[in-house]
Structures are given as C-alpha cells and as structure tokens.
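Structure first, commentary second.
The values are calculated or read from the model by the stated rules, or taken from the named source; none is laboratory data. Here the structure is a predicted model, which means the values were calculated and not measured. We place every Cβ from the backbone using ideal geometry, glycine too, and count neighbours over all the protein chains shown.
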Amino acid sequence: MYVTLTVLGIVFLLLILVCIMKLTIETKIKTENKDFDGEIRFFLYFRWLGYKMKIPAIDLDKESPSIVFKESDEALEEDGQDKKKKFSIFELIYDLELLSEFLRNTVGFYKILQKFLKKISITNLSWDTKFGLEEADKTGAACGVVWSLKGGILGILAKYMKLKSSPNMQVQPLFNQLYLSSSFQCMVSFRMGYAILTVIKVLLHRRKVKGKRKVKFKHSKGRNIHV
C-alpha cells in the first residue's frame, strides 16, 4: 500500500511539473534571392533542454505538379548536396480534405483554438526585408504592398496572442536592381498544461462519425486518393 501511494504521488508530482513547464519555440528564417536557411528550436527548463530542426526550402517541380522540399544534410554539406522530397498536389488535396473533415467533426474547434492562442506569448519578433525591382516606381509600389502585408500579419498576431515586446519591422527598398532578402526571427512560449488541456478539449468535442465519406481524385500519373 505504501509503495502504491508513493508511486501515485510521484506520478502526480510529475504531471504537475509537466503542466507548469514552459515550452519556448524560436524560429529563424533567412532568405537571399534563391538561398534559404531556416530552423526551429524548442527549449524546456530555461533552455537546459533543447531540440533543433531545419526548415526545408520549398520549390516547384518542373516535371510534375508537385512541391519539392529541399533539406540540408550535414553529411552532404561538404559536397553541396541536399535531401529532396516531393509532395504532390494530389497529396495536398488529400490532406486538406482530412483537415476539413476533422474541423467539421470537432464542435467549437475555433473557440478552443482561440482560447489556447491567448495563452501564447510572443517575444523578440523581428522581420527585416530588403528588395528591389528594375524600375523605381514599381519598387515603391511594391514597398507599400509589403508594408501592408506585414501590418496585417502583425495585427492578427496582436489580436489572438500576447505581444510581450514591441516588434521590429523593417522594409528597405533597393531601386534599379532586382534583389530580395528577408530575415525573420520570432520567439513564442506557453505552458505545457494549456496545450494538454486544449488537446483534451478537442478530443472531448469530437463527434462520432458512423460512416466515412469518400472523395476520389483521378490524375493521369500516380495513384487514386480516397478520403
């Protein structure tokens, strides 16, 4: 009996520790013309524990209606080679159908998501963009469009999340030259307990689906996809 109570007490303390634990996610993306470098870092226990993952570059496949993900491999960096994975447009449609089905069968999903987003804090938000076109007037017009895009994204983030510090947004036009570079850095953090609670709410609000709706996509090459 004493051993059982001890084990239950340890498990309870571990659950409390996990719930109050803060997860920090740091994202860094740098692009310059066709060059791309991005990574995401996950931190726990005040950065004592961390995990890093590379963000693959995205390109369009010239031979098929597919998206190519290019991921750098440390073992191949010396040879200048990258890992390439193709993602077909039909696979994208399939995943979107699955997502749509999930949203339809989860009651109040958007309200649950909004409550969780309110618990997320954003710090160290920086987004610097430099670009130029061959014509000066088009560069100025494009500069306004980029500022509007950044302002819209910042407004959405401020509405649904907590901005703990003033964001640093820069747009620098370069006239009479074709150039594009962008540097983005953002850090978000939230308690693990809020994420666990959100997952539990989603599972509790899932509808029981008796039948499975099928959607079939046909294309000349590849396989047929059913949903």
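Could you list all residues from segment 114-146 that are under 13 Å from VAL188 (Cβ atoms) and of a type in the set (Lys, Arg)?
Passing the criteria: LYS118, LYS119.
Could you run through segment 136-184 and say how many residues are of a type in the set (D, E, K, R) and either in a strand (DSSP E or B) or under 25 Å from ASN33 (Cβ atoms) (or both)?
Count: 4.
Every residue in segment 146-194 that is surrounded by 15 or more Cβ atoms within 10 Å (Cβ to Cβ) and of a type in the set (Gly, Ala, Ser), please.
SER181, SER182, SER183, SER189, GLY193
Can you name the number of the only condition in (1) surrounded by 12 or more Cβ atoms within 10 Å (Cβ to Cβ); (2) part of a helix (DSSP H, G or I); (3) modelled with pLDDT of 80 or more that THR4 fails?
The one condition THR4 does not meet is (1).
Mind checking which residues of segment 21-64 are over 24 Å from ILE120 (Cβ atoms) and among the hydrophobic types (A, V, I, L, M, F, W, C)?
Scanning segment 21-64 gives PHE36, ALA57, ILE58, LEU60.
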